Amino acid sequence: MNMNAHAQQPDFSITPGSGDLPRLTLASPDGARLEVYLYGAHIVSWIPAGGKEHLFLSRASQFIMGTPIRGGIPVIFPQFGTYGPLPMHGLVRVMPWEFAGADLLGDRASVKFFVSDTEASRLQWPHAFRAELIVSIGGRQLEVILAVTNTADEPFTFTSSLHTYLQVSDIHQTCVKGLAGLRYRDSAAGGVEKREENAQIDFPGEVNRTYFNAPAEVLLVDMDRSLVVRKAGFTDTVIWNPGAEKCAVVPDLEPDDFQKYVCIEAATIGEPVQLAPGARWFGSQTLLA
Ligand code: TA6
């Protein structure tokens, strides 16, 4: 179904993807491309103009409702990880979102999705919300904005992340720069809090760290390539790679997948967001190749 109905609309279509789940494909005028499943509003591919794939997607990923897609950019809300009573990483990454339109502004093409609370979600988390995802591509940039509105008359608190899987050529020649000196929770060491003493983070084994009050920008260096990862609205940055041992026991990862990605996540974990009735919160992550 090609919905290129008006001049100001970008080139996009929604067709059955893996598992017959609806998948939106978007192209910007300069040739950047994006793929998003409406299930979870889950971005699975971003190829900047004249560039290569920057997101990792597991070849062992399931594409069935109820199971998160493995890779790409899972939207984590209203709970990060197991820090609360909800299922791991909350609710919306396994909910069907709705397509809410496409725009074209110069060379930037954008699409928008939303999901609201349901009877089933309210049984798990007794709050009314509307989550929107606005995704823009053009040139060498991918921008992802998450907006959360409290649509009821009671305040609620949430944690959240854009759980971005970034493709790398070789994890042993990869590092992340920009987090020196920060306090972090080391989840690979039982959750103990530490302070980052190194100028860069390397990946000799499992790395699973939440850096609190992290700077707006970090740099992923992958051999001779680098990628700027920028955030706004989110306060923390999560860095995750499972290492060989943990990777081997994750059912929707292939045994050597740990060598192919690093998760750099814009997150709000340390200080959960308190959202008043009717209030709206924004968080964004921008990748600059
Ligand atoms: O963001 C890192 C993390 O919390 C890790 O602990 C690991 O569990 C990862 O998320 C993936 O979680 P998932 O539920 O998608 O397997």
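Numbers at a glance
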item: Which numbered condition Glu254 fails, given (1) more than 11 Å from the ligand (Cβ to nearest atom); (2) among the charged types (D, E, K, R); (3) under 20 Å from Cys175 (Cβ atoms); result: (3)
item: Unmet criterion (only one of (1) modelled with pLDDT of 95 or more; (2) of a type outside the set (Ser, Thr, Tyr); (3) more than 11 Å from the ligand (Cβ to nearest atom)) for Asp224; result: (1)
item: Segment 219-245, residues that are in contact (Cβ under 8 Å) with a residue 40 or more places away in the chain and part of a helix (DSSP H, G or I); result: Gly243, Glu245
item: Spans of strands (runs of 3 or more DSSP E) in segment 91-190 with at least 2 residues out of contact with any Cys (no Cβ under 8 Å at 6 or more places or on another chain) and surrounded by 15 or more Cβ atoms within 10 Å (Cβ to Cβ); result: 98-105, 108-116, 129-138, 141-150, 156-162, 174-177, 183-186
item: Index of the failed condition, Ala60 passing every other in (1) surrounded by 16 or more Cβ atoms within 10 Å (Cβ to Cβ); (2) within 15 Å of the ligand (Cβ to nearest atom); (3) more than 26 Å from Gln124 (Cβ to Cβ); result: (1)
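The values are calculated or read from the model by the stated rules, or taken from the named source; none is laboratory data. Owing to the predicted nature of the structure, the values given are computational and were not obtained by experimental measurement. Note that we place each Cβ from the backbone using ideal geometry, even for glycine, and neighbour counts take in every protein chain shown.
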